[in-house]
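The values are calculated or read from the model by the stated rules, or taken from the named source; none is laboratory data. Computed from a predicted model, the values in this text were never measured in an experiment. Counting neighbours? That spans all protein chains shown, and the Cβs are built from the backbone with ideal geometry, glycine included.
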Amino acid sequence: MSEAPLQRTALYAQHAALGAKLVPFAGYEMPVQYPTGILAEHNWTRTHAGLFDVSHMGQAFIIGPDQATTAAAMEILVPADIAALKPKQIRYSQFLNEEGGILDDLMITRAAYPGYEGWLYIVCNAGRKRQDFAHLEKHLPPAVTLKRGEGMSLIALQGPKAEAVLARINPAVREIAFMSYESLDLAGITAHISRSGYTGEDGYEISIWDKDAARLWQLLLTEPEVKPIGLGARDSLRLEAGLCLYGHDIDETTSPVEADLLWSIQKRRRIEGGFMGTARVLKEIADGPVRKRVGIKPEGRAPAREGTVITDMTGRQIGVITSGGFGPTANGPVAMGYVEAAFSKADTAVQLVVRGNSMPAQVISLPFVPHNYKR
Amino acid sequence: MPVKFSQDHEWVSVEGDIATIGITNHAQEQLGDVVFVELLAIGKKVTKGGEAAVVESVKAASEVYAPVTGEVVDVNKELEGDPALVNRGAEGGGWFMKIKLSNPAELNDLMDKPAYDKFVASH
């Protein structure tokens with residue numbers, strides 16, 4: 001990696017004051033955990049509300065003269081149905097390369113601010129945002145432009161108490177439907193509040209100006225149900241929820257069909273194609289992928305980490321673990337990885353090679369912990 | 001005999017020719033929440049500097065190297081059901097294994113408490 005100085009989010013001083021352990025992550029100095037530790041933070045988020053600084057993620061706007069033009073431009077780069085997005089609706093999708101591999105995954109929101117009807121708002125991964133923005137600038141037609149979100153912070157409030165906590169500040173947040181947003185006032189702060197997240201729990205992702213970030217962060221932390229949560233627990237929460245981590249579970253070699261993300265490719269796009277990587281994606285939809293992302297449950301207590309070889313019962317390699325660790329809510333090791341399609345059915349017995357020993361494991365249908373979204 | 005410490009952050013407490021070993025409180029702090037400990041079987045021989053155990057925290061797997069040479073004569077079976085014992089009492093109830101020393105002179109290579117504290121502070 002480069003030796004460039006690490007960037008800091010607008011909440012850096014808050015993390016330091018809370019005693020966070022700060023580590024380099026995607027070019028930023030980010031809190032991996034606070035003094036209570038990853039296990040406690042994980043469990044707190046599942047039972048109360050966790051507060052996450054995710055300001056390192058890439059926020060940007062795709063701007064065209066009207067929604068139809070902007071959507072058409074975006075649909076060349078992603079396989080989701082953007083034209084059908086309702087105002088304020090959010091969709092999960094992926095930037096694909098010409099070979100159908102995943103360049104990044106992202107959230108796409110149809111903005112509905114008066115005067116901004118042709119705008120899409122996107123949130124992409126911190127470690128990929130530079131490439132994503134270059135990719136957009138290269139491929140967007142002249143009538144559609146990219147505007148990077150300068151000076152913007154992003155705070156996630158996740159967990160079963162998230163709604164009750166945020167509603168104390170503005171009751172209107174209760175009415176925000178899952179995978180949609182509202183622009184609302186939070187104690188004098190203008191906030192773009194999405195009902196979405198990366199933990200499998202109900203919750204919000206709140207986009208605000210940097211200048212307001214520390215005040216909203218502190219305000220939320222005064223609520224008794226809220227504790228700050230670092231990237232460590234964010235990883236175990238998303239893993240239990242079966243959600244992909246870019247660079248691990250998905251990358252430029254994996255297609256959305258292999259990654260079991262077909263649900264994010266709406267019917268019209270499967271029929272019409274018209275996005276980069278169409279040939280591979282439609283072929284894999286028709287013929288089935290060669291390999292598939294699945295959940296893997298090791299039978300013992302030993303975690304199987306990323307890179308662990310998956311074999312069939314005869315010892316022949318059939319795949320590899322792409323994310324693995326300990327699931328505090330699942331109360332045991334949890335993992336996901338790619339296996340040959342013939343082994344992708346739930347309950348298939350497989351083996352994991354951990355430190356030279358074969359450990360029994362089972363293919364399971366994700367997630368490990370049921371989603372608790374408010375639908 | 002007072003407890004001795006290795007540069008790999010293990011502690012060794014000797015009674016007769018039996019050394020009880022574990023990881024230091026500093027080590028458990030660095031590891032974070034321990035979720036699994038893999039220990040060698042009783043009867044296995046270990047060599048100083050060789051792999052003696054694996055500690056899995058929420059974050060990562062870390063190898064534990066034997067600070068002394070000998071034969072494993074007992075392991076802490078409580079760690080199987082309660083690996084967090086390592087976090088709660090690294091230098092007490094969270095011990096890993098007992099080793100019958102085959103070369104007690106190796107103990108001279110280990111640090112005493114003040115030397116170990118200094119070592120930690122400088123690393």
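Go through region A:1-29 and give me each residue that's within 14 Å of chain B (Cβ to nearest Cβ) and of a type outside the set (F, W, Y). A:G19, A:A20, A:K21, A:V23, listed by residue number. Annotation note: of A:T222, A:T253, A:T190, the sole residue that is outside the structural domain of A:G27 (by TED's automatic domain parsing) and more than 16 Å from the chain's Cα centre (by Cα) is A:T253. If we scan region A:123-141, do we find a residue that is aliphatic (A, V, I, L, M) and closer than 20 Å to A:S196 by Cβ? Yes, region A:123-141 has at least one match. Restricting region A:67-116 to residues that are in contact (Cβ under 8 Å) with a residue 60 or more places away in the chain and among the β-branched types (V, I, T), the residue that is nearest to A:E284 (Cα to Cα) is A:I102.
Looking only at region A:328-352, how many residues end up being assigned to a strand (DSSP E or B) and either farther than 16 Å from A:G307 by Cα or within 14 Å of another protein chain (Cβ to nearest Cβ) (or both)?
Residues that pass the stated criteria total 6.
Selection over region A:99-120 of residues that are under 24 Å from A:L243 (Cα atoms) and part of a loop (DSSP other than H, G, I, E, B) gives a count of 3. Inspect all residues belonging to region B:13-20 and state whether any of them is within 14 Å of chain A (Cβ to nearest Cβ), closer than 22 Å to B:Y116 by Cα and either out of contact with any helix residue (DSSP H, G or I) (no Cβ under 9 Å at 6 or more places or on another chain) or outside any strand (DSSP E or B) (or both). Among the residues of region B:13-20, not one is within 14 Å of chain A (Cβ to nearest Cβ), closer than 22 Å to B:Y116 by Cα and either out of contact with any helix residue (DSSP H, G or I) (no Cβ under 9 Å at 6 or more places or on another chain) or outside any strand (DSSP E or B) (or both), which makes the answer no. On the stretch given as region A:39-67, residues that are more than 23 Å from A:L6 (Cα to Cα), touching a Phe, Trp or Tyr at 6+ places or on another chain (Cβ under 9 Å) and buried (at least 21 other Cβ atoms within 10 Å of the Cβ) total 6.
The residue that is nearest to A:Y198 (Cα to Cα), counting only those in region A:354-370 that are surrounded by fewer than 17 Cβ atoms within 10 Å (Cβ to Cβ) and not charged (D, E, K, R), is A:P370. Among residues of region B:33-82 being assigned to a loop (DSSP other than H, G, I, E, B) and β-branched (V, I, T), the one that is nearest to the other protein chains (Cβ to nearest Cβ) is B:V58. Number of residues in region A:294-322 that are part of a loop (DSSP other than H, G, I, E, B), touching a Phe, Trp or Tyr at 6+ places or on another chain (Cβ under 8 Å) and either of a type in the set (A, V, I, L, M, F, W, C) or under 18 Å from A:Y246 (Cα atoms) (or both) equals 1. Do we have any residue at all in region A:228-240 that's within 14 Å of chain B (Cβ to nearest Cβ), among the charged types (D, E, K, R) and crowded, with 23+ Cβ neighbours inside 10 Å? Yes: one or more hits. Taken over region A:1-17, the criterion of being surrounded by fewer than 17 Cβ atoms within 10 Å (Cβ to Cβ) and of a type outside the set (D, E) is satisfied by A:M1, A:S2, A:A4, A:P5, A:L6, A:Q7, A:R8, A:A13, A:A16, A:A17. A:I271 satisfies every condition listed in (1) away from chain B (no Cβ under 14 Å); (2) touching a residue at least 60 places away in the same chain (Cβ under 8 Å); (3) part of a helix (DSSP H, G or I) except (2).
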